[in-house]
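Here's the structure, in structure tokens; my notes come after.
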Amino acid sequence: MNLVKLSCLALAVAAAGSQLAVAGQAESKGFVDDSALKLLNRNYYFNRDFKNQPGSQSYREEWAHGVMAEFASGFTQGPVGFGVDAYGYLGIKLDSGRGRAGTGLLPISDEGRAQDEYGEAGGAAKLRISKTTLKYGEMRTEAPVFATAHSRLLPETATGFHIASGEIEGLALEAGHFTAYNNRNSTNSDEELYLNYGSGEVGKTIDFAGGSYAVSDDLSVALYASRFEDTWNQYYGNLNYTLGISEGQSLNVDFNLYRTGDTGDALQGDISNTTYSLAATYALGSHSILLAYQRVDGDTPFDYVGGDSIFLSNSMQFSDFNAPNERSWRIGYGYDWAGLGVPGLTTKVTYVKGTDIDGTDADANGGYAGFYGEDGEHSETDIDIKYVVQDGPAKDLSVRLRQAFHYANEDQGEGDLHEFRVIVDYPLSIL
């Protein structure tokens with residue numbers, strides 16, 4: 001799946017509200033004075049080795065470099081402020097081949113070769129009244145029921161309307177209506193909405209509304225509802241609580257719940273799916289230990305629109321552990337090496353085991369028929385090492401190594417693989 005799923009899902013909920021309006025129009029300094037221009041250079045090596053797929057492409061390996069410029073203007077002064085957001089992305093192939101293409105870093109031609117380079121540009125118009133902002137155009141989204149991803153070279157974007165409000169202290173509200181998608185290795189901004197697991201025809205629009213509320217510094221809740229046209233209604237809830245035990249010692253508990261049911265023409269067939277996860281993270285100084293349980297109650301997998309719209313504890317580097325009727329357990333350990341005098345260096349090791357998969361009762365005419373057997377199980381081990389430069393000319397440059405080992409039986413369907421990624425990010429704030 002996409003971008004990194006952090007062991008503490010509190011950070012994910014915070015991300016969901018990151019684009020909600022926090023500054024008021026009364027504080028506007030103007031279109032230019034409040035503007036920001038950011039540049040991100042990303043160098044990405046991706047290697048995925050399928051271990052048991054004879055007769056198909058079992059090995060994928062690519063290396064690419066991306067340059068991403070994002071501009072956000074301020075708002076004009078007055079009761080109603082106007083502004084624009086704009087972006088320009090460029091991806092460059094450094095190494096690939098017809099027998100190794102298909103990692104998602106680069107677009108693939110009809111001949112099966114990766115393009116030498118690709119680029120795109122877009123943006124959105126915006127207006128603000130008080131602490132409420134309305135946008136229309138192409139943008140990145142971060143709601144737990146519709147989130148674009150940045151798990152490969154260039155970010156995904158979606159086209160539509162988005163409104164965000166922060167009028168009440170501690171309460172962040174948002175709603176959206178989106179009609180088109182730009183996938184991670186594409187330059188087309190008018191693609192169909194991206195469905196992760198289903199097959200066949202997909203809905204043309206997605207609508208959502210919801211938000212999060214900080215009850216206190218330690219407790220937050222979130223509620224969302226969405227409608228994927230002629231496919232499903234989906235609801236999401238989150239409860240996140242951090243208990244401060246003593247100096248340098250805490251316990252975080254994070255609960256996530258999705259409820260999905262088919263609607264309209266039911267383009268993906270009959271769906272009645274309840275999926276939840278419960279994670280507890282104990283932190284002591286530089287150490288952290290995570291334990292999590294995830295459950296899928298339904299004859300179809302938990303599916304989602306948008307590359308990163310899964311805020312569940314057991315969504316890993318490769319597998320989401322979201323198969324029909326699946327139960328999964330996770331244990332993880334993290335260490336911040338600042339405790340040994342190496343600030344900026346962090347390491348994480350995580351293991352997940354999933355069992356009880358049974359997809360044989362899925363609607364025979366739906367989009368999930370035949371994907372899973374009746375006794376599926378699998379496991380995944382992830383190793384994550386990241387270093388962020390703390391000062392000097394290369395300040396904030398990060399190097400990340402990600403290794404995944406996934407093993408599954410035939411009834412689970414994803415197969416055995418080893419996956420290795422090296423991601424170097426160098427962000428620059430120009431304005």
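Which of the following residues is open to solvent by 20 Å² or more (accessible area, probe 1.4 Å) and modelled with pLDDT of 95 or more: ALA338, ALA323, ALA292?
Unique residue meeting the criteria: ALA338.
Has region 317-339 got any residue that is on the phi > 0 side of the Ramachandran plot and within 22 Å of the chain's Cα centre (by Cα)?
Yes, that holds for at least one residue.
Within region 184-193, can you find the residues that are touching a residue at least 40 places away in the same chain (Cβ under 8 Å) and surrounded by fewer than 20 Cβ atoms within 10 Å (Cβ to Cβ)?
SER186, THR187, SER189
Just for region 1-38: of the residues that are open to solvent by 40 Å² or more (accessible area, probe 1.4 Å) and modelled with pLDDT of 95 or more, which one is farthest from ASP254 (Cα to Cα)?
So the residue we want is LEU37.
Anything in region 258-288 that is open to solvent by 30 Å² or more (accessible area, probe 1.4 Å), within 25 Å of PHE146 (Cα to Cα) and in a loop (DSSP other than H, G, I, E, B)? List them, or say none.
GLY264, ASP265, LEU267, ASP270
Is it the case that region 153-171 has a residue that's more than 30 Å from ASP49 (Cα to Cα), touching a helix residue (DSSP H, G or I) at 6+ places or on another chain (Cβ under 6 Å) and of a type in the set (A, V, I, L, M)?
Scanning region 153-171 turns up no residue that is more than 30 Å from ASP49 (Cα to Cα), touching a helix residue (DSSP H, G or I) at 6+ places or on another chain (Cβ under 6 Å) and of a type in the set (A, V, I, L, M).
Determine which member of the set THR157, THR205, THR132, THR103 is open to solvent by 10 Å² or more (accessible area, probe 1.4 Å) and either over 30 Å from GLU27 (Cα atoms) or under 20 Å from the mean Cα position of the chain (by Cα) (or both).
THR205
Go through region 81-93 and give me each residue that's touching a Lys or Arg at 6+ places or on another chain (Cβ under 7 Å) and surrounded by fewer than 20 Cβ atoms within 10 Å (Cβ to Cβ).
The one that is touching a Lys or Arg at 6+ places or on another chain (Cβ under 7 Å) and surrounded by fewer than 20 Cβ atoms within 10 Å (Cβ to Cβ): VAL84.
For a quick check of your reading of the model, give me the residue pairs whose first member lies in region 353-364 and is open to solvent by less than 40 Å² (accessible area, probe 1.4 Å), whose second is hydrophobic (A, V, I, L, M, F, W, C), with beta-carbon atoms closer than 6 Å and at least 6 apart or on different chains.
GLY354/PHE321; ILE357/ALA323; GLY359/PHE371; ALA362/ALA369
Note down all Cβ pairs under 7 Å where the first residue falls in region 206-221 and is among the β-branched types (Val, Ile, Thr), the second is open to solvent by less than 50 Å² (accessible area, probe 1.4 Å) and modelled with pLDDT of 95 or more, and they're at least six residues apart or on different chains.
Every condition considered, the pairs that remain are ILE206/PHE146; ILE206/PHE178; ILE206/LEU193; ILE206/SER226; ILE206/PHE228; ILE206/VAL305; VAL221/SER212; VAL221/ASN238.
Within region 45-80, how many residues turn out to be open to solvent by less than 30 Å² (accessible area, probe 1.4 Å) and within 30 Å of GLY24 (Cβ to Cβ)?
4
Hey, can you tell me all the residues within region 208-217 that are surrounded by 14 or more Cβ atoms within 10 Å (Cβ to Cβ) and either of a type outside the set (Ser, Thr, Tyr) or at positive phi (or both)?
Across region 208-217, the qualifying residues are PHE208, ALA209, GLY210, GLY211, ALA214.
Return the total of residues in region 100-109 being in contact with a strand residue (DSSP E or B) (Cβ under 9 Å, 6 or more places away or on another chain), more than 13 Å from ARG48 (Cβ to Cβ) and assigned to a loop (DSSP other than H, G, I, E, B).
So the answer is 2.
Restricting the first residue to region 97-117 and requiring it to be touching a residue at least 40 places away in the same chain (Cβ under 8 Å) and within 11 Å of TYR59 (Cβ to Cβ), which pairs with a second residue that is open to solvent by less than 20 Å² (accessible area, probe 1.4 Å) and among the basic types (Lys, Arg) meet a Cβ separation below 8 Å and a spacing of at least six or different chains?
Once the first residue is touching a residue at least 40 places away in the same chain (Cβ under 8 Å) and within 11 Å of TYR59 (Cβ to Cβ) and sits in region 97-117, its partners that are open to solvent by less than 20 Å² (accessible area, probe 1.4 Å) and among the basic types (Lys, Arg) give THR103/ARG152.
Looking at region 404-418, is at least one residue more than 30 Å from GLU70 (Cα to Cα) and loosely packed, with under 14 Cβ neighbours inside 10 Å?
yes
All but one of (1) open to solvent by less than 70 Å² (accessible area, probe 1.4 Å); (2) at pLDDT 95 or above hold for ASP375; which doesn't?
Just one mismatch for ASP375, condition (1).
Filter region 166-183 down to residues that are among the aliphatic types (A, V, I, L, M) and in contact (Cβ under 8 Å) with a residue 40 or more places away in the chain and give me whichever is surrounded by the fewest Cβ atoms within 10 Å (Cβ to Cβ).
LEU171
The values are calculated or read from the model by the stated rules, or taken from the named source; none is laboratory data. Computed from a predicted model, the values in this text were never measured in an experiment. Cβ sites come from the backbone with ideal geometry, for glycine too, and all protein chains shown count toward neighbours. Surface areas here come from the heavy atoms of the whole protein model, side chains and all, with no ligands, DNA or RNA. Shrake-Rupley method; radii C 1.70, N 1.55, O 1.52, S 1.80 Å.
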